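Below you'll find the structure, written out as structure tokens, and then a few comments.
The values are calculated or read from the model by the stated rules, or taken from the named source; none is laboratory data. Keep in mind the model is a prediction, meaning the values are calculated, not measured. Backbone-built Cβ (ideal geometry, glycine too); neighbour counts: all protein chains shown. Side chains are part of the model used for accessible areas, which takes the heavy atoms of the whole protein and leaves out ligands, DNA and RNA. Shrake-Rupley method; radii C 1.70, N 1.55, O 1.52, S 1.80 Å.
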Amino acid sequence: MNTRSTVQRLSPEPPTARLRPPEATDGAAVHALVAACPPLDANSLYCNLLQCTHFAATSALAEVDGNVVAFVSGYRPPVHPDSLFVWQVAVAEAARGQGLGKRLMLDILGRPENRDVRFLRTTITPGNQASWHLFESLARELGAAGERRTLFDAGRHFAGRHDSEIEFVIGPFGPARIANRRGHP
Ligand SMILES: CC(C)(COP(=O)(O)OP(=O)(O)OC[C@H]1O[C@@H](n2cnc3c(N)ncnc32)[C@H](O)[C@@H]1OP(=O)(O)O)[C@@H](O)C(=O)NCCC(=O)NCCS
């Protein structure tokens, strides 16, 4: 008997997640999700409400059976109009390892209003291996280079209260590459 294929057949399929831009009514669920995803900084609920409204075009969430299981907050920095800055990626523990973090970012990049984005920027603390793997994987998926430099230093900017934040810049990439990769976790 082929044990491997039997196990595969008997394993339940992970429930299908629905990806969409956030709305104001998602703010409280997003706030709870971020709080449950250390080492992310928990922001105020008001901040999450702004992300879900003013920044909805550059943010995305995934829901399963009506529950928010993953969220990406982002915006277009006025000083880098060709870029999407990803602020936070939060995936509920039970939903990790299914490509949701990556799919949410590709979903944002694939929207018509973000067709002119050529770079994705984020910051990552040196010790957050899961986050480094996620963004390095996204860079590979987009066929683009990734560059790093310290953006906010632990001593100089955080007064020793937070690890340094390393900026990771992915790009340049074009809309054709994103169209190819969307929906392929
Ligand atoms: C980091 C996090 C967002 C990853 O979400 P996810 O949906 O599980 O990630 P994905 O399934 O899209 O994985 C994408 C890639 O990252 C890799 N990866 C994800 N988590 C990893 C981990 N803990 N260790 C090593 N690699 C990891 C995956 O193997 C995958 O690589 P591949 O495409 O080469 O196979 C999630 O673990 C999380 O919410 N962590 C807590 C909050 C946080 O640290 N957020 C990131 C900082 S903003």
ask   = At T16 and D65, where each label point lies 7 Å from the Cα along Cα→Cβ, what is the point-to-point distance in nanometres?
value = 1.7
note = Heavy-atom accessible area of the stretch 105-185 with neighbours in place, 1.4 angstrom probe: carbon+sulfur share in percent works out to 48
request  = Choose one of L50, F119, A36: the residue whose Cα lies farthest towards the positive end of the charge dipole of the chain (beta-carbon charges +1 Lys, Arg; -1 Asp, Glu; about the Cα centre).
outcome  = F119
task = Quote the accessible area belonging to V79 in square angstrom, nearest 10, computed with a 1.4 Å probe and with ligands, DNA and RNA left uncounted.
result = 120
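Could you tell me which trypsin sites (Lys or Arg not before Pro) in the stretch 111-185 are loop residues by DSSP with no more than 10 other beta carbons within 10 angstrom of their beta carbon? Can you show the working numbers first?
Numbers: sites: R115, R118, R121, R140, R148, R149, R156, R161, R177, R181, R182; in loops: R115, R118, R156, R161, R182.
Here the trypsin sites (Lys or Arg not before Pro) that fit, given the DSSP loop and packing criteria, are R156, R161.
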query = Residues of the stretch 27-105: accessible area per residue at 1.4 Å, in Å²?
reply = 45
request  = Give the accessible area for D107 in Å² (nearest 10); use a 1.4 Å probe, count only protein heavy atoms, and leave out ligands, DNA and RNA.
outcome  = 20
ask   = When the helix-only estimate is applied to the chain (DSSP H runs of n ≥ 4, each -39,500 (n - 2.57), divided by the residue count), what is the mean residue ellipticity at 222 nm, nearest 500 deg cm²/dmol?
value = -8500 deg cm²/dmol
query = Using a 1.4 angstrom probe with every protein chain in place, what is the largest-first accessible-area order of E23, E141?
reply = E23, E141
task = Using a 1.4 Å probe and ignoring any ligands, DNA or RNA, find the accessible area of F158 and quote it in Å² to the nearest 10.
result = 50
request  = When a/c is below 1.5 the answer is rounded, else prolate if a/b is larger than b/c, else oblate, so apply that to the chain with a ≥ b ≥ c taken from the square roots of the Cα gyration tensor eigenvalues.
outcome  = rounded
